[in-house]
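The values are calculated or read from the model by the stated rules, or taken from the named source; none is laboratory data. Values in this document were obtained by computation on a predicted structure and should not be read as measured data. Cβ placement follows ideal geometry from the backbone for every residue including glycine, while neighbour counts extend to all protein chains displayed.
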C-alpha cells in the first residue's frame with residue numbers, strides 16, 4: 001500500500017495541512033507512519049475526509065463526526081442520528097423557503113406601502129408566530145466586574 005504524505009493528502013482533498021493535523025488531534029483521522037517529520041496517511045483517509053466534510057456541512061460537530069468512525073477509520077454511521085439531522089435540515093429548508101418567498105413578495109409587491117399589503121401583513125404575522133428551534137443554549141452572560 002502506497003502511503004500519502006500530508007502534503008499529498010492536502011493537495012488531493014483540498015484540506016489544509018493544519019486542518020489535517022487538527023483532525024488527527026481530535027481523533028477524526030490517524031496517520032500511520034512518519035517520513036522524517038511529515039505525517040504519512042493510508043489512502044482511505046481521503047474517503048474519511050469526504051465524510052468529515054459532509055458531516056460538517058450537515059451541521060454535525062467534530063465530536064459527533066469522530067464518533068462515526070471505528071478505531072480503524074471505518075465509517076460507523078448512526079442511522080437514527082442521520083435521520084434526525086435530515087429532519088432538522090428539512091425544517092430549516094421549509095423556514096428558508098418561506099423566508100425567500102416573503103422577501104420576493106416584498107421586493108415585487110405593487111402596494112404603495114408594504115404595510116398596506118394584506119399578503120405582506122399575513123406573512124409577517126405568520127413569521128412572528130413561528131416557533132424558533134434552538135440547537136444550543138445561549139451562553140449565560142457573565143457579570144461585569146465593578147470598578
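Looking at segment 19-41, which of the residues that are more than 18 Å from residue 68 (Cα to Cα) and surrounded by 20 or more Cβ atoms within 10 Å (Cβ to Cβ) is nearest to the chain's Cα centre (by Cα)? Looking at the filtered set, the residue picked out is 41. Can we say residue 71 is at pLDDT below 95 and either under 16 Å from the mean Cα position of the chain (by Cα) or within 30 Å of residue 21 (Cα to Cα) (or both)? Spelling it out, residue 71 is indeed at pLDDT below 95 and either under 16 Å from the mean Cα position of the chain (by Cα) or within 30 Å of residue 21 (Cα to Cα) (or both).
Taken over segment 19-59, residues that are in contact with a strand residue (DSSP E or B) (Cβ under 9 Å, 6 or more places away or on another chain), outside any helix (DSSP H, G or I) and in contact (Cβ under 8 Å) with a residue 24 or more places away in the chain amount to 14. Taking the criterion of being over 22 Å from the mean Cα position of the chain (by Cα) and not in a helix (DSSP H, G or I), would at least one residue in segment 5-18 satisfy it? Taking every residue of segment 5-18 in turn, at least one turns out to be over 22 Å from the mean Cα position of the chain (by Cα) and not in a helix (DSSP H, G or I). The residue list 95, 63 contains one member that is under 15 Å from the mean Cα position of the chain (by Cα), farther than 19 Å from residue 5 by Cα and not in a strand (DSSP E or B), which is 63.
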